[in-house]
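A short write-up of the structure that comes next.
The values are calculated or read from the model by the stated rules, or taken from the named source; none is laboratory data. None of the values given here were measured: they were computed from a predicted structure. Ideal geometry is used to build each Cβ from the backbone, glycine not excepted, and the neighbour counts take in all protein chains shown. Areas reflect the complete protein model, heavy atoms only, side chains present, ligands, DNA and RNA absent. Shrake-Rupley method; radii C 1.70, N 1.55, O 1.52, S 1.80 Å.
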Amino acid sequence: MSGPPPARDELKPTARRLWTFFKPHRRGLLAAFLAYLGAAATEPLIPHLLNLVLDQGFAATASFPLWMVPAVLISLFALRGLFGFLGQYLLHWTIGRTVLDLRRALMDALLRADARAFTQMPGGAAVTKVVADPQQAVSLLALSAVVLLRDGLPAIALLGYLLYTNWQLTLLTLATLPALALVLRKVNRRVRKVGSVAYDAQIQLSGVVDDVARAWRLVRSFNAEPHERARFAETAGHLRRQTLKQAAANAMSQPLSQLISAAGLSLIVALALYQGRQTGVTPGEFAAFVTALLGLMSRARHLTDVAQPITNGLIVARGSMELLDTPAEQDPGRGELPEPVRGEILLQDLRLSYPGGAGPALDGLSLQVQAGQTVALVGPSGAGKSSVIHLLQGLAQPDAGSILIDGVDSRTLSLAALRRQFAVVSQDIVLFDDSLLANVCYAQVPDPARAEAALRDAALWDFVQTLPEGLQTRIGANGSTLSGGQRQRLAIARALYRDAPIWIFDEATSALDTESERAVQEALARHQGHKTLILIAHRLSTVRHADRIFVLQAGRVVEAGTHAELLALGGSYAALVSLAAE
Ligand code: ADP
């Protein structure tokens, strides 16, 4: 991401896009602006009132009763306070609504994103882009918008007045603007550059923190605290330097523009005096002109001051909205499988290469699983077992070959229809920081009776009963309060709860003791014939009762048959078995 600074034009599409999120709530922004304008309108009334009080209040024949003084003053301040409150409230209302819409769109993009997005995203980046960035970007821009409106309108009014009183001199004044614009452009370019680098540095820093929070056990067991501390200090130091550069670039713009303005002003005053001597402009007119000009310049300075927040806001928004552009998962199929789904699987000549992979992960793999069969995939690691499982669920697409479920090509099915057929226990167990019940019934309507049955089958029910809060017990981030075996059994219960026709157990019982493993196997055996079951296991004891065993090597099936048949064959499987027996 960090590369050349984004050109002004590069931020334009971001601005346009962000506007589509602001647009539905633009009335809030307008209302906030009106409230701010109301608050500003009370300002001149206060000195005016003071003037009145000073000039007339001491006279014996004052034209107003004394009680009116506090009444009017208090009312005026109350009014100003009310307008100020409304302005802030409405502004934050608008920001809040816009941020909510943006965050939802970003989360949506994340949920739909193609697998590649996840393998390429730095750790913690998704959190930053969905949670922190929208708020920062929208706040910066909304605040700038208010300043633009609040100072822009009076600036236009003053400009009109100037043109009305002395158009020649006003036009001359405007001629100094290009110089100002040039300087601001230079400064702004620098702001964009350092801003982008600072944004990337912040994402990197989130990654470091994310690593430590996720892998805290690993960090401690490796005594890697000093290493992580150093890594953090380096990244944070980089961010600090970039942030300081950003601040310096921001801070530079104001004095520079002031200097240019002052130069312009002195020129104009000299010109006005010259013009006055020629054409007889009165000192009063001259004073009015210069006063209005000074007012315009002060407003204009506020306007130029918002260039930086706008640029910074757009940089943050751009980083965040890259997520919106992440290609979504391809889902061209529309079909549904005819009910009832039997769970028959036919893989024909599947080929798959990962980008950057050494060779093909699947190299013409074919296999057939009858409905209700229990089959096992075995073979050395890297043989392609997980890749088969990913392709089956449509988590990746094969380069060639086809997948048929109940004789229907999976490409004609929608991904949702395809994925509904599978309940998977994968190698890396993922649990949610929620109750046991919510973990078993993940994303489905919780049914405690069915959850109990699933937990019994997964040999976890006895444990659940020992817990004071039972099914409602919370299990901590990724099930951190459970043992490895318990986490695995909970994942099994979750798969069993999902009443899918095809079950996939990828090394699902590797962390179980022999007793629990036997209990799970017995439960699975009760479903044999009703469910298609695909087992991946290194422990050959787990797979010997399978109806059919497929031995994979280098992305293809090299042997297939029952345990007895394969032993008799005396090939790779027999070699694996004798190795395991040693
Ligand atoms: P198994 O599950 O049998 O261990 P995999 O299906 O995980 O095998 O891997 C098959 C091959 O594909 C391996 O050589 C592995 O290095 C490679 N591979 C798997 N996932 C990726 C990936 N995301 N990017 C690149 N190569 C991968």
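A few comments on the model shown:
- Kirkwood estimate for the chain, i.e. one over the average of 1/r between Cα atoms, Å: 30.3 Å
- The stretch between Thr279 and Gln56, if pulled fully straight at 0.36 nm per residue, gains 76.3 nm over its current Cα-Cα span.
- Computed from point charges on the beta carbon alone (+1 for Lys and Arg, -1 for Asp and Glu), the dipole magnitude for the chain about its Cα centre is near 2220 Debye.
- Evaluated at q = 0.07, 0.13 Å⁻¹, the base-10 log of the normalised Debye intensity for the stretch 8-324, with identical point scatterers placed on the Cα atoms, takes the values -0.44, -1.09.
- Across the stretch 290-297, coupling constants 3J(HN,Hα) worked out from phi with the 6.51/-1.76/1.60 Karplus curve, θ = phi - 60°, read 5, 4, 5, 5, 4, x, 4, 5 Hz, and Gly and Pro carry x.
- Set of the stretch 394-434 residues, backbone N closer than 13 Å to the point 7 Å along the Cα-Cβ line of His527: 421-426
- Put simply, the convex hull of the Cα atoms in the stretch 345-581 casts, on average, a shadow of 13.3 nm².
- Protein heavy-atom surface of the stretch 345-581, 1.4 angstrom probe: 52% of the accessible area is carbon and sulfur, with nucleic acids and ligands not counted.
- Sorted largest first, the spans of the alpha carbon positions of the stretch 58-138 along the three principal axes are 85, 18, 11 Å.
- Fully extending the segment from Arg411 to Ala358 would add 16.4 nm, taking 0.36 nm per residue of separation and subtracting the current Cα-Cα distance.
- A crude spin-label estimate for the pair Leu34 and Arg112, with each label 7 Å from Cα along the Cβ direction, gives 3.6 nm.
- Compactness of the stretch 94-135 was expressed as the Cα radius of gyration divided by 2.2 N^0.38 Å, which yields 1.21.
- Charged neighbours of Glu452, selected by a Cβ distance under 14 Å, balance to +1 (K, R count +1; D, E count -1).
- Label point distance in nm, Arg97-Asn223, each placed 7 Å from Cα along Cα→Cβ: 5.9 nm
- Between the amide H of Ile536 and those of Leu377, Phe505, Asp506, Glu507, Ala508, distances stay under 5 Å, these residues lying 5 or more places away or on another chain, with hydrogens modeled in the peptide plane.
- Förster radius 30 Å - calculated FRET efficiency between Ser541 and Asp331 (Cβ-Cβ, nearest 0.05): 0.15
- Highest-first arrangement of 370-378, 150-158, where packing means the average Cβ count within 10 Å: 370-378, 150-158
- Distant-in-sequence amide contacts of Gly335, defined by a placed amide H-H separation under 5 Å and a gap of 5 or more residues or a different chain, comprise Leu413, Ser414.
- In the stretch 8-324, Cα pairs under 8 Å separated by at least six residues give a relative contact order of 31 percent.
- Mean separation of Cα pairs under 8 Å and 6 or more residues apart, divided by the residue count, gives the chain a relative contact order of 14 percent.
- Compared with the alpha-carbon gap, the fully stretched path from Ser483 to Val558 is longer by 23.3 nm at 0.36 nm per residue.
- Global dimensions of the stretch 188-269 from alpha-carbon coordinates: Rg and Dmax equal 20.5, 73 Å.
- Rounded to the nearest Hz, the phi-derived 3J(HN,Hα) couplings of the stretch 312-322 under the Karplus curve 6.51 cos²θ - 1.76 cosθ + 1.60 (θ = phi - 60°) are 4, x, 5, 5, 4, 4, 5, x, 5, 7, 4, where x marks glycine and proline.
- Each label was represented as a point 7 Å from its Cα along the Cα-to-Cβ direction; for His48 and Lys23 these points are 4.0 nm apart.
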